[in-house]
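This report concerns only the one structure given below.
The values are calculated or read from the model by the stated rules, or taken from the named source; none is laboratory data. Note that the coordinates shown come from a computational prediction; the quantities given were computed from them, not determined experimentally. A quick note on method: Cβ atoms are made from the backbone with ideal geometry, for glycine too, and the neighbour counts reach across all protein chains shown. Quick note on the areas: whole protein, heavy atoms, side chains included, nothing else; ligands and nucleic acids left out. Shrake-Rupley method; radii C 1.70, N 1.55, O 1.52, S 1.80 Å.
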Amino acid sequence: MINKFTMKAAWWKESVIYQIYPRSFKDSNGDGIGDLGGIVQKIGYLKKLGIDVVWLSPIFKSPNDDNGYDVSDYCDIMEEFGTMSDFDRLLFEIHQNGMKLILDLVPNHTSDEHRWFRESRKSKDNPYRDYYYWRSEKPSNWTSFFSGSAWELDELTEEYYLHLFSKKQPDLNWENPKVRQEIYQIMRFWFDKGVDGFRIDVLPFISKRLDFPDIDPANFAEAIVEVYANGPRLHEYLREMNQEACAPYDIMTMGEGIGVKPENVLEYVGEDRAELNMLYHFDHVTINYGPGGKYDPVDWKLTTFKKIFADWDKALQNRGWITIVLDNHDFPRMVSRFGNDGEYRVASSKLLATLLLTMRGSPCIYQGSEIGMTNVKFDSLDAYDDVEVVNLYQEWLAAGKDPAPLLKAVQIQGRDNARTPMQWNNKPYGGFSESGPWLTVNPNFTSINVDEALADPHSIFYHFQRLIAFRRRHPTLIYGDYETLMPESEHVYAYRRWDADAEFYVLLNFSDDLQPFELEVDPKELELVVSNYDLPGQDQLLPWEARILRKKAI
Ligand code: TEU
Ligand code: CA
């Protein structure tokens, strides 16, 4: 039996979150780049969907080497996105419409164009020198997420600085209390403006092992967990951050939980830890990483996928909270990777929506998933923008490797799959912009777009809307217990959610074929409450059929 911990209710546990990648959401000034004015234009759309919290990927000043995750001024708005008064207007409109806004804080690193780094690199005795990690020699064989060494030689002082991501993203030295106080001050600046919280980028990386132990370059996944993440002072920093920046405010913090495992997640989000409210993990979204890593994709099994969800729920139960994601700006589109983005794109998008919105945790919908946007297939690596791909492509060319296999892998796994412009209508550029957008619109915008979705009562959009409303009406789906059913099935994901008030059974057919199912409860005791088919199957699940059944009250 599950230990009964009294789970405290909280608005952020009951919230459905919607992630906006501002660069690709809506362009309002005709420069082909999404902006804050464009988001203001679409507040009504977000309201109609029924979401509670909007998470904006970084909107701060940035040279956009990593599209905003390289911040050059944390307290000012990126030129391309608008001005601080545009931001104030957006925040006002979001609050006016009964929603909340969280921003994306990037405390692990800054841009190399940030004032701190421009100072730091000037000389070895500059007051900002130890805002970053500088070493006279490379202390380890650490590699960057974006190819090459994580140590970059800077000619000015002939020393190496650390960057776990691009060389234009030098890692901040959190050992330095001045750095920590700068970040807490930035957080308070935005909280004082009325921002309702932060998604916090690569939070598990901010405490470094100062002996910089070598990693096994052949096992980057292990290096992430064992070396880059979960450093010795991490929880000291998180408690201090919570105490000094967050405690006075009614806000939420959502960590990007890279490198966190079920075994240690409660150290981050345990109700008694006073560190983070929640985090999202990477175990299912990296399920198809092969021996060669992300760009060596392999098949995955539904039993593995189900066990990941079960293990994480078991690790948390009523002792800590989690964000449920199936895709975001760093991963391919969920319908293309977990569903069927061809013949069963609509049914499988609705099935994935059902999973997202009936799990224990705060669901996070990534922009465009609510209309079933799919991966894009650029036919040349030169069409990709993502620094991760650009660097990897250069590395392949330098190594004299045939780029054809890389193109295939990037078409499946690349982050730009999720970054093509939001498809609003079937006008040029999908109604995203009046002029050529910064990244090519997916050609299927002519049939997959918001206007089509809003005009079709059977659309994916309205299924998301229905599920969001249903979840809100049934706290059992938020706080209730979880149990996997039919764990051995490689085609059906079945699970139970229950508490003292209600009991729900969720049946998801992750296949193109009819599938039988068996539940240890008399079907006569169950009533179908939500289905993704107008004419649901009977004793077999239709291809990509998703059913929510409720146990009839006695
Ligand atoms: O992502 C962290 C991270 O590790 C991802 O980059 C992901 O693992 C990688 O893309 C897999 O290909 C955060 C942000 O979400 C990401 O957009 C940034 O590029 C990164 O940090 C650096 O800030
Ligand atoms: Ca614009």
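Evaluation of Leu355 against the conditions (1) among the aliphatic types (A, V, I, L, M); (2) open to solvent by 10 Å² or more (accessible area, probe 1.4 Å); (3) under 15 Å from His284 (Cβ atoms) shows that the sole unmet condition is (2). In the condition set (1) under 25 Å from the mean Cα position of the chain (by Cα); (2) surrounded by fewer than 21 Cβ atoms within 10 Å (Cβ to Cβ); (3) not small (Gly, Ala, Ser), Leu397 is compliant with all but (1).
In the stretch 510-532, the residues that are closer than 20 Å to Thr358 by Cα and in a strand (DSSP E or B) form Cβ pairs under 8 Å with partners that are open to solvent by less than 70 Å² (accessible area, probe 1.4 Å) and of a type in the set (Asp, Glu), at six or more places apart or across chains, as follows: Ser531/Glu545.
When Phe117 is tested against (1) assigned to a helix (DSSP H, G or I); (2) open to solvent by 30 Å² or more (accessible area, probe 1.4 Å); (3) within 25 Å of Leu238 (Cα to Cα), only condition (2) is not met. Residues in the stretch 164-193 that are over 21 Å from Gly255 (Cβ atoms) and either crowded, with 22+ Cβ neighbours inside 10 Å or in contact with a helix residue (DSSP H, G or I) (Cβ under 6 Å, 6 or more places away or on another chain) (or both): Ser166, Lys168, Pro170, Asn176.
Go through Asp311, Asp272, Asp327 for me and flag whichever is modelled with pLDDT of 95 or more and either over 17 Å from Gly257 (Cα atoms) or touching a helix residue (DSSP H, G or I) at 6+ places or on another chain (Cβ under 9 Å) (or both).
On the way: Asp311 fails: either over 17 Å from Gly257 (Cα atoms) or touching a helix residue (DSSP H, G or I) at 6+ places or on another chain (Cβ under 9 Å) (or both); Asp272 fails: modelled with pLDDT of 95 or more.
Every option except Asp327 fails the conditions.
Looking only at the stretch 8-37, residues that are surrounded by fewer than 18 Cβ atoms within 10 Å (Cβ to Cβ) and away from ligand 2 (no atom under 11 Å from the Cβ) come to 5 in all.
Checking each residue of the stretch 38-50 against the condition of being more than 16 Å from ligand 2 (Cβ to nearest atom) and small (Gly, Ala, Ser) gives at least one match. For the stretch 173-202, the set of residues classified as away from ligand 1 (no atom under 12 Å from the Cβ), in contact with a strand residue (DSSP E or B) (Cβ under 6 Å, 6 or more places away or on another chain) and not in a helix (DSSP H, G or I) consists of Asn173, Val195, Asp196, Gly197, Phe198, listed by residue number.
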